[in-house]
Amino acid sequence: MIISIIGTGNVANILARLALKNGHTICQIIARNEANGRVLAQLVNADFINLHDEPNKNIDLCIVAITDEYVESVAKGLGFGSVLVIHTSGSLSMNVLKYVSTNFGVLYPLQSLRKEMEKIPVIPFLIEANNVDTYNKIETFANTMSEHVTYMKEDKRLRIHAGAVIVSNFTNYLYGLTETFCKIEEVDFNLLKPLIKETAIRLENVSALDVQTGPAIRKDVTTLGKHLSLLSAHKSLNIWYSRFSDAIMNGEPNNL
């Protein structure tokens, strides 16, 4: 496919690299930020087009990969006729693109992506489209980049997007809090990394509900008390430790 990409952030970078690697041609990078746009364009052998200039519309696909809050406003300024246009959001309706093209849809990469990544991880793609032919085109494109392509309507996509935020963004926030705690308390955060990896890897074979461990599930109030006393000088961690421990002791998430 001959592709244009709107955006220069993490998703735009990774999708541009992945598409190029899998035999597609990146025709143009369209962006407000000229410096970032030219860097990405050079990386994938594409032209740079300012967002306010007239883009080349002799393409097969336009990917809108920008921050959710700007997708609709940016899209309203575009007009691609019948060219397939997709966005990459997990939380936006595909209908924000209905005035951009007669053929539109969603290609949501269910993965934590950073432009600095040297190795691109496995990316499940969740897709949706406004008609069958458009869906087939999106599916064909997605299948060139991943073995994990799933049709999902926007209501279900929003639900899995919420789940993604919880298991990725929230856990990473806790990692950050813990790393700061370790620095202050002069213990090595690196010692926890094998535990972090094992906790994630085991979920490939078992349910998280079946492998909950720790003092809260054992109702070990003595150890919990020691930890909370230690964490009294670390307000955020103290709050989250207490909330999570209470939830686990009260039978959540089984009792949600």
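Bear in mind that the values in this text are calculations on the coordinates, not laboratory data. Note that this is a predicted model, so its numbers are computed, not measured. FYI the Cβ positions are ideal-geometry reconstructions off the backbone, even for glycines, and counts take in every protein chain you see.
Rounded, prolate or oblate: which one fits the stretch 2-152, using the alpha carbon gyration tensor with axes a ≥ b ≥ c (rounded when a/c is under 1.5, else prolate when a/b beats b/c, else oblate)? Could the numbers behind the result be given before it?
Numbers: a/c = 1.41, a/b = 1.04, b/c = 1.36.
Judged from the Cα gyration tensor, the stretch 2-152 comes out rounded (a/c under 1.5).
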Listed residues V187, V149, V122, most fluctuating in the chain (Gaussian network, C-alpha, under 10 Å):
V187
Positive-pole candidate from I3, A46, V165, dipole of the chain, charges at beta carbon
V165
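Considering only DSSP states other than H, G, I, E and B, which trypsin sites (Lys or Arg not before Pro) in the stretch 1-55 qualify as loop sites with at most 15 other Cβ atoms within 10 Å? Don't skip to the answer; put the middle values down first.
Numbers: sites: R17, K21, R32, R38; in loops: R32.
Those satisfying the criteria are R32.
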For the stretch 155-229, run through the trypsin sites (Lys or Arg not before Pro) and keep only the ones in DSSP coil with at most 14 other Cβ atoms within 10 Å of their Cβ.
K219
Which residue fluctuates most in the GNM of the chain (Cα springs below 10 Å): E154, E185, E116?
E185
Using a Förster distance of 25 Å, the FRET efficiency for R114-D188 (Cβ separation, nearest 0.05)
0.55
Taking Rg and Dmax of the Cα atoms in Å straight from the coordinates, which label in (1) 16.3, 45; (2) 22.2, 69; (3) 17.2, 53 is the correct one?
(2)
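Charges at C-beta only: +1 for Lys and Arg, -1 for Asp and Glu. How large is the resulting dipole of the stretch 117-256 about its Cα centre, in Debye rounded to 20? It would help to have the intermediate numbers written out before the result.
Working: 15 positive and 17 negative charges, 61 e Å.
Roughly 300 debye, rounded to the nearest 20.
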Rounded to the nearest 5, what % of DSSP beta bridges with both residues in the chain are antiparallel?
20 percent
Under 15 Å from a point 7 Å along the Cα-to-Cβ line of T171: which residues of the stretch 119-141 have their amide N that close?
122
So which of K115/K156; K183/K226; K156/K183; K115/K197 end up more than 29 Å apart by C-alpha?
K156/K183
For the stretch 21-26, in residue order, the Karplus 3J(HN,Hα) values (coefficients 6.51, -1.76, 1.60; θ = phi - 60°; whole Hz; Gly and Pro = x) are 4, 9, x, 8, 10, 8
